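Student: One structure follows; several queries about it will come next.
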């Protein structure tokens, strides 16, 4: 088979790297201090972290990446302002690389944020490079149902509702399943809290 000259040819990693790129938004004039304040409150000693003009990246072990991601959204929430987060969590990409990563020796989360508040989520799960991808998508959705989350199917996404801690416990369970069964995958999530449309 002919080797195509893709831009990522020769790349890839054998390291246990989970990566996440995310952006947070605040429907407030005070959005700059809210965003920067939330980012500063996250303890990122166990991940590699970088923020650019578009978004923030965390790279490391899955447990520490999701720990930091949840902490950022929790710190971002002031309990009254409508906030959102867009995040893509990925592992196994053939275009990944071994650099820009910190893999902590232990699996003990530094933030372990347990602030409680209702969160709405839109989720899409993408198993890549396999023929039976729909079976894996169905399994990930059933995991949410089994955990008692409010689940609704919609066009191109699954809608979830629950406490922020229950949602992230579920995201971790879905990612653990993916790690064990799928070579390359992406979990795309949108989070929303304090939206005026939530009471409608």
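Any read-out appearing in this document is the output of simple, stated calculations on the displayed coordinates, not a laboratory observation. If you're wondering where the values come from, they're calculated on a predicted model, not measured in any experiment. Virtual Cβ from ideal backbone geometry, glycine too; neighbours counted across all protein chains shown.
Student: Which order do peptides 167-174, 22-29 fall in by mean Cβ count within 10 Å, highest first? Walk me through the numbers on the way to the answer.
Tutor: On the way: 167-174: 20.5, 22-29: 15.5.
Highest to lowest by the protection proxy: 167-174, 22-29.
Student: In whole Å, largest first, what are the principal axis extents of the Cα atoms in the range 140-200?
Tutor: Result for the range 140-200: principal-axis Cα extents of 40, 23, 17 Å.
Student: By how many nm would the segment from residue 107 to residue 32 grow when fully extended, if each residue of separation counts as 0.36 nm and the alpha-carbon distance is taken off?
Tutor: Length gained, residue 107 through residue 32: 23.8 nm.
Student: For helix 133-146, what angle does its Cα long axis make with the longest principal axis of the chain, in degrees from 0 to 90 and rounded to 10?
Tutor: Approximately 30 degrees, to the nearest 10.
Student: Hull surface divided by four, with the convex hull built on the Cα atoms of the chain: how many nm²?
Tutor: Result: a mean projected hull area of 12.7 nm².
Student: A further question follows. If I fit a long axis through the Cα atoms of helix 164-181 and take the longest principal axis of the Cα atoms of the chain, what angle between them do I get, 0 to 90°, rounded to 10?
Tutor: Approximately 10 degrees, to the nearest ten.
Student: While we're on this one: Most mobile of 124, 154, 55 per a Gaussian network model of the chain (Cα springs, under 10 Å)?
Tutor: Looking only at 124, 154, 55, the biggest GNM fluctuation is shown by 154.
Student: Can you give the FRET efficiency to the nearest 0.05 for residue 153 and residue 132, using r as the Cβ-Cβ distance and R₀ = 25 Å?
Tutor: The calculated FRET efficiency here is 0.80.
Student: Divide, for the range 90-177, the radius of gyration over alpha carbons by 2.2 N^0.38 Å, where N is the residue count.
Tutor: Scaled against compact globular proteins, the figure is 1.26.
Student: Find the all-direction average of the projected area of the Cα convex hull for the range 33-111, expressing the result in square nanometres with one decimal place.
Tutor: 5.8
Student: What ranking, highest mean first, results for peptides 101-112, 178-189 when packing means the other Cβ atoms within 10 Å averaged over each residue? Write out the running numbers ahead of the final one.
Tutor: Details: 101-112: 13.9, 178-189: 18.1.
Final packing ranking: 178-189, 101-112.
Student: For the range 27-77, max minus min Cα coordinate along each principal axis, in Å, sorted largest first?
Tutor: Projected onto its principal axes, the Cα set of the range 27-77 covers 35, 22, 15 Å.
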